[in-house]
Amino acid sequence: MTIAEIDERNATGSFHGLRVLDFSTTIAGPHCTRMLADMGAEVIKIEPAEGETMRIRPPVRNGSSSVFGTLNAGKKSIVLDLKSPEAVEIVRHVVKDADILVENFRPGVMRRLKLDYPSLHPFNPRLVYCSISGYGQTGPSAELPAYAPVIHAASGYDMAHLAYQPGRNRPDYCGIYHADVLTGVYAFGAISAALYQRQLNGRGQHIDVSMLESMLTLTLNEVQNAQFEVAPPSRPMFGPVETADGYVMVAIASEKTFQGMVRAAGHPEWTSDSRFAKYADRRRHWNDLMDGVENWSRTVTTASCLTELSAHGVPCSAYRTVAEAIDDPQIAHRGGLAEVEDDGGSFKVMNMPFRMSGAKVAAGKRAPALGEHTRSLLGENQIAGVAGKR
C-alpha cells in the first residue's frame, strides 16, 4: 500500500483547526497559504472589492481564472476595504481567533493601515505573522517594488544561468516565476517552524521572508564560485544530448553514472582514457566527452537512447512538454493532480509534492468566488461600509 492510498483514509490535515488570515496577492503569498490550506488550515482570503489581480489571469472561463483557482483552492474569500477604519476594526477583532497571518505588500503598507505586526500583536500575542517581500522588511532596498522577474535579475540567477548557455550573451526572457514559488515554500517552512516554537513557549512571532535571498539559495555552486576562482568546464556539465529525432537530458554526477554512460555509448575504454578517467580531467575535456557521446546518440532514436542509458543506470529523460509530464502514469499513481471547481467549471491543479502517512494532504475542492464568504464569516451587521463598492 502506498502512502498516497493511506492518505485517502485520513480525515484531517496536519494544520486542521488553525485559522489563517491571507492578505497576500499574486503568487508567492497565495502559494504559501494554498499549502497551508492543503494541510487542513482554514484560510480566509481578504480581497478588495475588485478582487485581487490573479482573478483576471487567463485561462478565464465564465469570469473565473483557473490560475487564481490553482493558487487559492480550498480558501474562503471575504471582501474588505482596508482603507476603511471599520474594516481595520473588523480585522483586529477577527485576528484574535487567528493563528497565522500572511501578507506580501510592499514594506510599510501594513504599517500605514495599522495592521502590521506591532499593531496586531497586543490583540493576539500567539499570532504567527509572516511578511513576504522582494528584499526584506528593512534595509536600503526594502521599499523597492519587486516582482519575480526583477528578483531573478537582481539575485544573479539570470546571469548565472546565462553562463551555461554556450554562444549566448543576452539573458533569457522570464516566463516562469521561480522566485514566487520558492519564496512561498520558504514562508510555509518558516511558519511551520514558528508554530512548533509556539507549542513550546506559547508566543507568536514576526517572520520576514525575502525573495532576493530565496533566489540566491538556488545558486549553491555559484555563490561559492563568486568567492573563489574556479575554472569553468569547456562546456556546461549538463545539457541536451542530440538523438536521431530529438534530444535527451543526461545527468552524470558520479563515477558509476559516468561509467554507465560511456558503456551505453559503446566506449567502455573511456573509463581509462587520460582525458576522462578522473573527474578533474573530465571537466576539462567535457566537450570531447559529450561530442563522443553524441556521435552515438545521433544514430539512435530518443526512445532507443533512453532505453540504453536506463539499462546502464544513467539518469536521463526526454524533453517533455508540461502536458506530457502531467500525463505521466507516475503522476496518476501518486495522485499528483486534483480536480477543483469554481464558477467557471472544473479544472485540475497539482497537489503538493509530498504525502504523509498520518495526515491528509490535498487541494481543496473549490476555489472561492470573490467575497463568497463575507456574510457567513463576518455577519450581516458588519458588512455595511467595510466591503467597498461591489
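Go through segment 225-294 and name the trypsin sites (Lys or Arg not before Pro) that are in a DSSP coil and have 15 or fewer other Cβ atoms within 10 Å of their Cβ.
On the way: sites: Lys256, Arg263, Arg275, Lys278, Arg282, Arg283, Arg284; in loops: Arg275, Lys278.
Hits after loop and neighbour filter: Arg275, Lys278.
Of Lys76, Lys114, Lys45, which has the most accessible area with a 1.4 Å probe, and how do the rest follow in descending order? Mind dumping the intermediate values first?
Working: Lys76 65, Lys114 115, Lys45 0 Å².
The most accessible residue leads, giving Lys114, Lys76, Lys45.
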In Å, the Kirkwood hydrodynamic radius from C-alpha pairs for segment 85-217 sits at 16.3
Tell me which of Ala49, Ser77, Gly156 sits at the most positive position along the dipole axis of segment 40-188, charges placed on C-beta atoms (Lys, Arg +1; Asp, Glu -1). Gly156
Springs between alpha-carbon atoms under 10 Å, Gaussian network over the chain: tell me which of Ser274, Ser64, Ser155 tops the mean-square fluctuations. Ser274
Along the charge dipole of the chain, Cβ charges K/R +1 and D/E -1, which of Phe347, Phe68, His312 sits furthest on the positive end? Phe68
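Which value does Rg/Rh take for the chain over its C-alpha atoms, Rh per Kirkwood? Intermediate values should be presented prior to the final figure.
Working: Rg = 25.0 Å, Rh = 23.9 Å.
Here the Rg-to-Rh quotient is 1.04.
If the viscosity is 1.306 mPa s and the temperature 10 °C, what Stokes-Einstein diffusion coefficient in µm²/s follows for segment 6-99 when Rh is the Kirkwood radius over Cα pairs?
Estimated diffusion coefficient is 111 µm²/s.
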Amide H partners (placed H, <5 Å) of Ile207, local residues excluded: Tyr129, Cys130, Ser131
If you fit an axis through the alpha-carbon atoms of helix 302-311 and take the longest principal axis of the Cα set of the chain, what angle between them do you get, 0 to 90°, nearest 10? 80
Given GluC sites (Glu not before Pro), DSSP loops and at most 14 other Cβ atoms within 10 Å, the longest exposed-site-free stretch of the chain is 51-228
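Could you order Arg198, Arg111 by accessible surface area, starting with the largest, using a probe radius of 1.4 Å?
On the way: Arg198 15, Arg111 135 Å².
If we order Arg198, Arg111 from most to least accessible, we get Arg111, Arg198.
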Quick one: angle between helix 28-38 and the longest Cα principal axis of the chain, in degrees between 0 and 90, rounded to 10, please. 80
Based on Cβ point charges of +1 for Lys and Arg and -1 for Asp and Glu, what charge dipole magnitude is obtained for segment 1-132 about its Cα centre, in debye rounded to the nearest 20? 340
Quick check for me: using +1 on Lys/Arg Cβ and -1 on Asp/Glu Cβ, what's the dipole size of the chain about its Cα centre, in debye to the nearest 20? 780
Quote the charge dipole size of segment 108-188 about the Cα centre in Debye, to the nearest 20; the model charges only the Cβ of Lys and Arg (+1) and of Asp and Glu (-1). 200
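Select from segment 144-208 those chymotrypsin sites (Phe, Trp or Tyr not before Pro) which occupy a DSSP coil region and have at most 15 other Cβ atoms within 10 Å, ordered by residue number. Show your work: numbers first, answer last.
On the way: sites: Tyr147, Tyr157, Tyr164, Tyr173, Tyr177, Tyr186, Phe188, Tyr196; in loops: Tyr147, Tyr164, Tyr173, Tyr177.
When the chymotrypsin sites (Phe, Trp or Tyr not before Pro) of segment 144-208 are filtered for loop state and at most 15 Cβ neighbours within 10 Å, Tyr164, Tyr173 remain.
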Please go through segment 317-351 and write out the trypsin sites (Lys or Arg not before Pro) that DSSP classes as loop and that have at most 12 other C-beta atoms within 10 Å. Arg320
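The values are calculated or read from the model by the stated rules, or taken from the named source; none is laboratory data. A quick note: this is a predicted structure, and the numbers were derived from the prediction, not measured. Every residue, glycine as well, gets a Cβ built from its backbone with ideal geometry; the counts of neighbours run over all protein chains shown. We work out accessible area using only protein heavy atoms, side chains counted, and drop any ligands, DNA or RNA first. Shrake-Rupley method; radii C 1.70, N 1.55, O 1.52, S 1.80 Å.
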